[in-house]
């Protein structure tokens, strides 16, 4: 009794995981969530989602981990459940497919042939030489239908079978396997690959990319080699919108320059499985600031957005806070002026052509913005996805599988011939499991050729 109950429960589990309804449901859910993961920006900080979508949708995004959809536990669980569903369906269907594949279609009688969906029969006249006609009919049948198998003593005659496309039963399994291959490639890429960013000025190099998580933490990702930006160009439309940006990049591996390439949008550079895409640019101010102390001494500092200028003798530090290229027709910069420790200082605006007095304790300084110009940093998206070729392999397998399922049929043509005295009885029969219109044309060609040989119209 206990064994029967266990067997019943196992059948319920198998029926659940082999359900076509479950497969369709999971496929739709995966498709919808994949659309969400495509439309919703991925990998941004939580603050970004709060500001852009508001508190209500932010709670949903954070709870369901939609800011990193493809790594969310529920998304991986759906993929796993769908994979189990495919595997169970495949195993359950396999015995039936094997029976179809192994079936001997020569085990047919004369009456079986006449029950086929496509059929025709002839009876020769008395004057016809049955032996000679039989030879010609077999040759005609072989030429049009393909080389046949033969079986003797079938209802007093001989049966010929042209059996093609039997392997098409495996097309659906190729689709099942292709889905699993795509899932495997996607998971491999998600957990062993990475996405990051690099910002470089002309002449600068780096050996790592940076990645920011949803909490705003920055992680450095080693490249295993150095990337240098030799030149960056950006052109603009009259409206000010960017028209073209291009980076001349060089790869330095173990101290040697091994690759040089100019990259554009949609024309990346790939080295050792890591691809660099031209994705953005950023303007960077390059300022020249003159400082005159109260005792008449002066110093000119060259500053960029990421540097701090020092005047060691006066224990003075200057750094850029904000830059505006045009304020009433002249560039302006907000700068920090103070001691190197940062404990004593002030922030002031400098406008080109105008001096600004700053007092720090007992000392005072007069600052002026001598010149200002913009230079640009190239913004590169960095991606490594070792599973991409596995995904492409899976997609190729899926296309081939669908082509087999929809267009390749298992078609069978039988030719039976039996003598009755001096007469010869002929039956042509055919059957296919798909693409019946095309098969009907093929059947008619064979039928017309046999008609011609027999002499009947």
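Checked against the criterion of being assigned by TED's automatic domain parsing to the domain that holds residue 207, assigned to a loop (DSSP other than H, G, I, E, B) and either in contact with a strand residue (DSSP E or B) (Cβ under 6 Å, 6 or more places away or on another chain) or surrounded by 16 or more Cβ atoms within 10 Å (Cβ to Cβ) (or both), the stretch 260-267 contains one or more residues that satisfy it. Is there a residue being part of a strand (DSSP E or B), touching a helix residue (DSSP H, G or I) at 6+ places or on another chain (Cβ under 7 Å), surrounded by 13 or more Cβ atoms within 10 Å (Cβ to Cβ) and at pLDDT below 90 anywhere in the stretch 398-421? Checking the stretch 398-421: at least one residue is part of a strand (DSSP E or B), touching a helix residue (DSSP H, G or I) at 6+ places or on another chain (Cβ under 7 Å), surrounded by 13 or more Cβ atoms within 10 Å (Cβ to Cβ) and at pLDDT below 90.
Residue by residue, here is whether (1) outside the structural domain of residue 204 (by TED's automatic domain parsing); (2) touching a residue at least 24 places away in the same chain (Cβ under 8 Å); (3) in contact with a helix residue (DSSP H, G or I) (Cβ under 8 Å, 6 or more places away or on another chain) holds:
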{"position": "269", "(1), (2), (3)": "no, no, no"}
{"position": "318", "(1), (2), (3)": "yes, yes, no"}
{"position": "321", "(1), (2), (3)": "yes, yes, no"}
{"position": "328", "(1), (2), (3)": "yes, no, no"}
{"position": "333", "(1), (2), (3)": "yes, yes, no"}
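Can you find, within the stretch 201-226, the residue that is modelled with the lowest pLDDT among those that are within 24 Å of the chain's Cα centre (by Cα), more than 12 Å from residue 274 (Cβ to Cβ) and surrounded by 16 or more Cβ atoms within 10 Å (Cβ to Cβ)? Looking at residues that are within 24 Å of the chain's Cα centre (by Cα), more than 12 Å from residue 274 (Cβ to Cβ) and surrounded by 16 or more Cβ atoms within 10 Å (Cβ to Cβ), I get 214. Is it true that some residue in the stretch 427-443 is buried (at least 19 other Cβ atoms within 10 Å of the Cβ), more than 15 Å from residue 164 (Cβ to Cβ) and over 50 Å from the mean Cα position of the chain (by Cα)? Yes, the stretch 427-443 contains a residue that is buried (at least 19 other Cβ atoms within 10 Å of the Cβ), more than 15 Å from residue 164 (Cβ to Cβ) and over 50 Å from the mean Cα position of the chain (by Cα). Pairs linking a residue in the stretch 145-174 that is within 15 Å of residue 112 (Cβ to Cβ) to a residue that is surrounded by fewer than 17 Cβ atoms within 10 Å (Cβ to Cβ) and modelled with pLDDT under 90, with Cβ atoms under 9 Å and 6 or more positions apart or on different chains, are 156/419; 156/420; 157/419. Counting only strands (runs of 3 or more DSSP E) that fall entirely inside the stretch 118-205 and contain at least 2 residues that are in contact with a helix residue (DSSP H, G or I) (Cβ under 9 Å, 6 or more places away or on another chain), the qualifying elements are 118-123, 149-154, 157-164.
Of note, residue 337 satisfies the criterion of being part of a strand (DSSP E or B), at pLDDT 90 or above and surrounded by 12 or more Cβ atoms within 10 Å (Cβ to Cβ). Filtering 276, 245, 232 for residues that are in a strand (DSSP E or B), under 27 Å from residue 71 (Cβ atoms) and in contact (Cβ under 8 Å) with a residue 24 or more places away in the chain leaves a single hit, 276.
Looking only at residues in the stretch 44-72 that are farther than 29 Å from residue 84 by Cβ and in contact (Cβ under 8 Å) with a residue 60 or more places away in the chain, the one that is surrounded by the most Cβ atoms within 10 Å (Cβ to Cβ) is 44.
The values are calculated or read from the model by the stated rules, or taken from the named source; none is laboratory data. Small disclaimer: the values here were computed from a predicted structure and weren't measured. Cβ sites come from the backbone with ideal geometry, for glycine too, and all protein chains shown count toward neighbours.
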